[in-house]
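Where a number appears in this text, it was derived from the coordinates with a stated rule and is not lab data. In this text the structure is predicted, and so the values were computed from the model without any measurement. Cβ placement follows ideal geometry from the backbone for every residue including glycine, while neighbour counts extend to all protein chains displayed.
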Amino acid sequence: MALVHMVAKGKRQSILFIDGDAVGPVQNTDMCFLSVQESDDISSNKLTEILQDYVLPAGRKKALDLLLAEDRTEIELKRRLIQAGYGESIVASIMEYVKQYPYLNDVRYALNYMRSVGTKKSLLEIRHKLTEKGVSDEDFEKALGQYREERQESMEGSSGELCEEDIEYEAVLTILHKKVAPGTPLTRAQKEKLYASLLRKGFGYHIVRKALKEYSTVDEDMK
């Protein structure tokens with residue numbers, strides 16, 4: 001036998017707990033139909049019915065809806081399911097189900113993120129953000145390799161292989177272009193301010209130095 005405890009979640013749902021462990025959200029009407037009430041002792045057969053016919057199908061739909069709405073990493077999806085009230089064992093079962101579909105892919109997630117911010121952020125910033133999202137070092141490197149290949153293909157007439165420093169350099173130039181027009185005379189103080197800003201973003205000193213040297217000039221009369 002298993003002891004039932006239900007915590008209200010809005011007017012129509014409750015979070016179901018069995019023997020003190022979270023199971024997941026259930027519709028109050030479904031529990032009424034199954035004659036399951038607060039503090040009931042239910043049989044293992046009844047518990048299996050609740051899990052297989054109600055909790056898991058709803059959880060799987062919830063997971064797929066979240067993935068169809070936007071790309072998420074595996075850890076992000078787990079967090080969202082736990083926040084929704086699903087217990088760890090139920091989340092593990094849902095994740096196994098979701099992995100049958102092509103929606104959950106941390107390499108693809110990382111690659112799409114690089115595509116969206118690769119000309120605005122340093123690779124250090126990107127890596128830090130993706131690590132927070134749960135992307136492993138291995139998946140990051142795979143995505144970076146694909147991103148580098150894509151950028152290489154987009155550079156018509158380029159010779160040699162595009163390296164990470166080339167990507168960083170282009171990002172620095174893009175950021176500079178938004179701050180100041182190419183060739184604009186800068187005072188040393190202005191240039192030092194730009195140095196500090198770009199270094200804080202995680203760009204390497206020699207890359208920033210090279211970009212600033214080629215992008216602008218120091219007006220000696222404006223020190």
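Computed quantities for the displayed model
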read-out	value
For the stretch 92-185, the Rg and Dmax computed from alpha carbons only, in angstrom	16.3, 61
At R0 = 22 Å, FRET efficiency that the Cβ-Cβ distance of residue 120 and residue 193 yields, to 0.05	0.70
Backbone N within the stretch 29-56 under 15 Å of label point (7 Å from residue 8 Cα along the Cβ vector)	29, 38
Whole-number D in µm²/s for the stretch 15-119 (Stokes-Einstein; Kirkwood sum over Cα pairs; 37 °C, 0.692 mPa s)	218 µm²/s
Theoretical gain in end-to-end length, residue 21 to residue 136 [0.36 nm per residue, Cα-Cα removed]	38.4 nm
The chain: most fluctuating residue of 95, 31, 114 per GNM, C-alpha cutoff 10 Å	31
Choice from 108, 72, 151 showing the highest fluctuation, given a GNM over the chain with Cα pairs closer than 10 Å	151
The chain, relative contact order in percent, only Cα pairs under 8 angstrom and at least six apart counted	15 percent
Shape category assigned to the stretch 46-85 from the gyration tensor of Cα positions, a/c cut at 1.5	prolate
The chain: calculated mean residue ellipticity at 222 nm from DSSP helix runs of at least 4, using -39500 (n - 2.57)	-17500 deg cm²/dmol
The chain, dipole about Cα centre (Lys/Arg Cβ +1, Asp/Glu Cβ -1), debye to the nearest 20	980 debye
Reference-scaled alpha-carbon Rg (2.2 N^0.38 Å with N residues) for the chain	1.53
Space enclosed by the convex hull of the alpha-carbon atoms of the stretch 4-48, per residue, Å³	66 Å³
At most 12 other Cβ within 10 Å, DSSP loop - GluC sites (Glu not before Pro), the stretch 6-107	38, 70
